[in-house]
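Only one structure is covered here, and it is reproduced in the block below.
FYI, it's all coordinate maths here, none of it is from the lab. Quick caveat: nothing in here was measured; it's all calculated off a predicted structure. Positions of Cβ are backbone-derived with ideal geometry, glycine not excepted, and every protein chain shown enters the neighbour counts.
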Amino acid sequence: MDAETDRRKSGVYRYRNSGASDPVSAGDAIRQLVDSLGLAEKLREQRVLSLWEKIVGEDIAAVTRAEGFRWGHGELTVSAQNATQSNWLRYQCETIRQNLNREVGGDVVKTIRLKVDPSIR
């Protein structure tokens, strides 16, 4: 018996591509897995938090903090160092929300909830 026959009998070929699907790249396979597990939206929501400084700029990010995201509700909670900055943010919320959504590629942020936290430094 030759090596090829040994491999066939051992089942090495049993799980080979049966022609049901074409090969996909690793990146495509990961995207398909993320989509099938329903994680795509959660990843976009998490990305919102990491984009805060880029969207609002260094100066605003120094006196504010994107605290968290209420999953499934689209509510981003942002803390400001004082009431003055919180009021300024209130007037900028819609622009910030639109810029965040454009950056993540979907209507992820629906509302921005503001609060004051003097401990931000």
### Close pairs (8 angstrom Cβ cut-off, 6 or more residues apart or separate chains): without any contact (Cβ under 8 Å) to a residue 12 or more places away in the chain in region 85-108, surrounded by fewer than 15 Cβ atoms within 10 Å (Cβ to Cβ) and outside any helix (DSSP H, G or I) anywhere
Asn101/Asp107
## Note on the structure
Condition set touching a helix residue (DSSP H, G or I) at 6+ places or on another chain (Cβ under 6 Å) and assigned to a helix (DSSP H, G or I), scope region 57-69, selection nearest to Gln85 (Cα to Cα): answer is Val63
### Message
Name the single residue that is farthest from the chain's Cα centre (by Cα) among those in region 84-108 being surrounded by fewer than 16 Cβ atoms within 10 Å (Cβ to Cβ), farther than 28 Å from Arg121 by Cβ and not charged (D, E, K, R).
### Response
Gln98
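So which residues in region 57-83 are over 18 Å from the mean Cα position of the chain (by Cα) and under 19 Å from Thr111 (Cβ atoms), if there are any at all?
Of all residues in region 57-83, those over 18 Å from the mean Cα position of the chain (by Cα) come to 57-64, 79-83.
Listed by number, the residues that qualify are Ile60, Thr64, Ser79, Ala80.
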